[in-house]
Each structure stands twice: as C-alpha cells, then as structure tokens.
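Visitor: This is the structure I have questions about; it appears just below.
Derivation of every value follows stated rules applied to the coordinates shown; laboratory data play no part. Note that this is a predicted model, so its numbers are computed, not measured. So basically every Cβ, Gly included, is an ideal-geometry build from the backbone, and we count neighbours across all protein chains shown.
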C-alpha cells in the first residue's frame, strides 16, 4: 500500500446479467427448475437463481472472458450462457429451429438400393431448407435390407436395436445395438436384418445440393 492511494485492478463478473440472459433464452417453463417453485406452498420466487453447476459455469465463462489463458486449464467446457441479443438473433434467423415427432413422419418403403423386404423410413427435417446434412431413421423389418452400393460421400449408420449382417468393402460383420458404422467415399456396403427383431438404425450423411431428403 502507498498510503491508501493505490487501487487494485479487479475484474468483475456480472453474474446477474449473464444469468438473466440465460433464463430469458430458456423461457419460462424450462427456467422453473433453476428458481424456487413450490406449487404446493404457492411459492414462485423468480429472483433467486439456483443450481450450483449452472452458476459455476456462468462464473467460469465470465472468468475466462477476463483471463483467456485460463481456458487451457479447464477440465470441462464452459461454453454456457447466451449473448445479450439472443432474442434478436432468433428473430433474425433465416430459417427457424424445429422439433419433430417421428410418429408424424413414418413412410413405408422397399429396401433401399435394391434391398429386400419392407422398411419404414423416418426422414427427419427433410423439408428444412439449407440443411447441410441428412438425418434419417430406418426400420428394417424381418427379412429386409439395404442393398450393396458404392459411396461418394461420408455416411454413418448407428444401430439402435436389433441385429444384422453388415458387408463393408468385401468383409462381413455381425452388428447389433450400439454399433456405429462409418462408410467413406469409394467404399461399398450393404446391411441385412437378421433374427426375429426388426433392425433399427439412424443414418447421417452430407446432403448434396438439391438432394431430395
């Protein structure tokens, strides 16, 4: 100290602002768990932000903004919170974000690429404009399959349930729930359902310009 005239340079984290922006982005219903809401007692306290993990993340995020070098020392991400103008950014979106229900999307189709048997396809977000990838769920019913075909793009299959035989570049693999299958350009692959249970899989790949999803 020099007679009390010096001032410490202390960075401040505006937790009130960051938590308020965060809560507004969540919306009233989703924000309820982070405040004191006890319907049985008629309590609805919207001023006391809680949940230690959420608070800690906002604090660390603010701290990293003040001292960026701390980011390399973090053991988990601190990418939480939203910008103060989040509502304006949402209004300015060229295309809105969506929530779909698969029960509204089911399409009965023959096995793709000359595959056998009946399948059910769920083409998620097929009508979403300018979406750079395709995500689809497909159910291969008993005896159904996806026929052998050559790939010109990356594609991932993820087996949700059931069992099957997967042919990839001349080799055959037994696949079941929890298996992920990556096909790169230049590879050939096919998938055949086996057993009594339908084979359910998710498919994701890069969309080609103008592709019907």
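Visitor: Can you give me the angle between helix 52-66 and the longest principal axis of the chain, using Cα atoms only, in degrees from 0 to 90, rounded to the nearest 10?
Guide: Helix 52-66 sits at roughly 70 degrees to that axis.
Visitor: Using the scaling law 2.2 N^0.38 Å as the reference, what is the normalised Cα Rg of the chain?
Guide: Working it through for the chain, the quotient is 1.51.
Visitor: Additional query: Just subtract the alpha-carbon distance of residue 176 and residue 66 from 0.36 nm times their residue separation and send over the number in nm, one decimal.
Guide: Taking residue 176 through residue 66 to full extension adds about 34.8 nm, to one decimal.
Visitor: Would you please give the FRET efficiency between residue 32 and residue 83, computed as 1/(1 + (r/R0)^6) with r the Cβ-Cβ distance and R0 = 22 Å, to the nearest 0.05? Spell out each step's value before the answer.
Guide: Numbers: r = 23 Å, r/R0 = 1.03.
Step by step, r from the Cβ atoms, then E = 0.45.
Visitor: How large is the Kirkwood hydrodynamic radius of the stretch 102-206, in angstrom, based on all distinct alpha carbon pairs? Mind showing how you got there, number by number?
Guide: Numbers: mean 1/r = 0.0725 Å⁻¹.
Evaluated on the stretch 102-206, it is 13.8 Å.
Visitor: Taking the Cβ-Cβ separation of residue 100 and residue 188 as r and a Förster radius of 25 Å, what is the calculated FRET efficiency to the nearest 0.05?
Guide: 0.20
Visitor: Would you look at the GNM of the chain, springs on alpha carbons closer than 10 Å, and say which of 93, 65, 29 moves the most?
Guide: 29
Visitor: Shifting gears a bit: By how many degrees, 0 to 90 and rounded to 10, does the Cα axis of helix 15-26 deviate from the longest principal axis of the chain?
Guide: 30
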